[in-house]
1. Listed residues Asp82, Asp34, Asp97; which is of a type in the set (D, E, K, R), at pLDDT 95 or above and open to solvent by 80 Å² or more (accessible area, probe 1.4 Å)?
2. Could you check how many residues of region 5-21 are outside any helix (DSSP H, G or I) and either in contact with a strand residue (DSSP E or B) (Cβ under 8 Å, 6 or more places away or on another chain) or over 18 Å from Ala131 (Cα atoms) (or both)?
3. State yes or no: is Arg66 of a type in the set (D, E, K, R), farther than 23 Å from Ala143 by Cα and either under 16 Å from the mean Cα position of the chain (by Cα) or at pLDDT 95 or above (or both)?
4. I'd like the residue in region 110-138 that is within 12 Å of Ala78 (Cβ to Cβ) and not in a loop (DSSP other than H, G, I, E, B) and, out of all such residues, is most open to solvent (accessible area, probe 1.4 Å).
5. Can you find even one residue in region 134-147 that is modelled with pLDDT of 95 or more and among the β-branched types (Val, Ile, Thr)?
6. So, Pro50, is that one at pLDDT 95 or above and over 16 Å from the mean Cα position of the chain (by Cα) or not?
7. Here are the criteria: (1) more than 14 Å from the chain's Cα centre (by Cα); (2) crowded, with 17+ Cβ neighbours inside 10 Å. Tell me which single one Thr153 does not satisfy.
8. When you look at Thr106, is it part of a loop (DSSP other than H, G, I, E, B) and among the polar types (S, T, N, Q), yes or no?
Amino acid sequence: MTTEEIIRFLDSLDGVLTLSPLPGDGSPEISWGDTFFYYAPDGVVPKTQPFATIVTKNYPGDERSRLERPDTFRVNIAAGKDAFREWTRHAPRDTVDDADASVTDTVIAHPVYGTVGWLAVVNPGPRTGTAVRELLRTAYDLARSRYERRSQTG
């Protein structure tokens, strides 16, 4: 699975706003080259976290996936507590940060945001391609539901 395949998959879903920061667009330099996915049918960046991201480099305090390796990226997915439990066999709050976060083509607790239920996959491939699509769809559905609830109450 490539970053382009992930972007195409998510862009095919209604209401997804995809942000890919670049030099000169006013975004922080650290985000250049990464991709952020929001549910925003009005096209306005919401004040919420994205429901998924693709990162292509290490961030300060988030180096354990070793994204400095050539052709390495990580897809991060807010698929919810149920999916998190299914994949990790424990609750997000019970996440231990001693797992190898650099392993590829394996669904893992996010090395930094696992305690809040995020999952991650470094270089999704044959073992995780279907799972990544399913988890992204779940994260999308959750983001859409949150948006719709907020729209009804706001």
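1. Asp82
2. Here is the first cut: in region 5-21, the ones outside any helix (DSSP H, G or I) are 12-21.
Narrowing further to those that are either in contact with a strand residue (DSSP E or B) (Cβ under 8 Å, 6 or more places away or on another chain) or over 18 Å from Ala131 (Cα atoms) (or both): 14-21.
Result for region 5-21: 8.
3. yes
4. So the first thing to find is which residues in region 110-138 are within 12 Å of Ala78 (Cβ to Cβ), and the list is 110, 113-114, 116-120, 135-136, 138.
After this cut, where a residue has to be not in a loop (DSSP other than H, G, I, E, B) as well, the list is 114, 116, 119-120, 135-136, 138.
Numbers: Gly114: 1, Val116: 101, Leu119: 1, Ala120: 1, Leu135: 8, Leu136: 0, Thr138: 53 Å².
Within region 110-138, the match that is most open to solvent (accessible area, probe 1.4 Å) is Val116.
5. Looking through region 134-147, at least one residue is modelled with pLDDT of 95 or more and among the β-branched types (Val, Ile, Thr).
6. Judged against the criteria, Pro50 is not a match.
7. Against the list (1) more than 14 Å from the chain's Cα centre (by Cα); (2) crowded, with 17+ Cβ neighbours inside 10 Å, Thr153 comes up short only on (2).
8. It is true that Thr106 is part of a loop (DSSP other than H, G, I, E, B) and among the polar types (S, T, N, Q).
The values are calculated or read from the model by the stated rules, or taken from the named source; none is laboratory data. Quick caveat: nothing in here was measured; it's all calculated off a predicted structure. Cβ coordinates were reconstructed from backbone atoms using ideal geometry, including for glycine residues, and neighbour counts include every protein chain displayed. These accessible areas exclude ligands, DNA and RNA; they are computed on the full protein's heavy atoms, side chains included. Shrake-Rupley method; radii C 1.70, N 1.55, O 1.52, S 1.80 Å.
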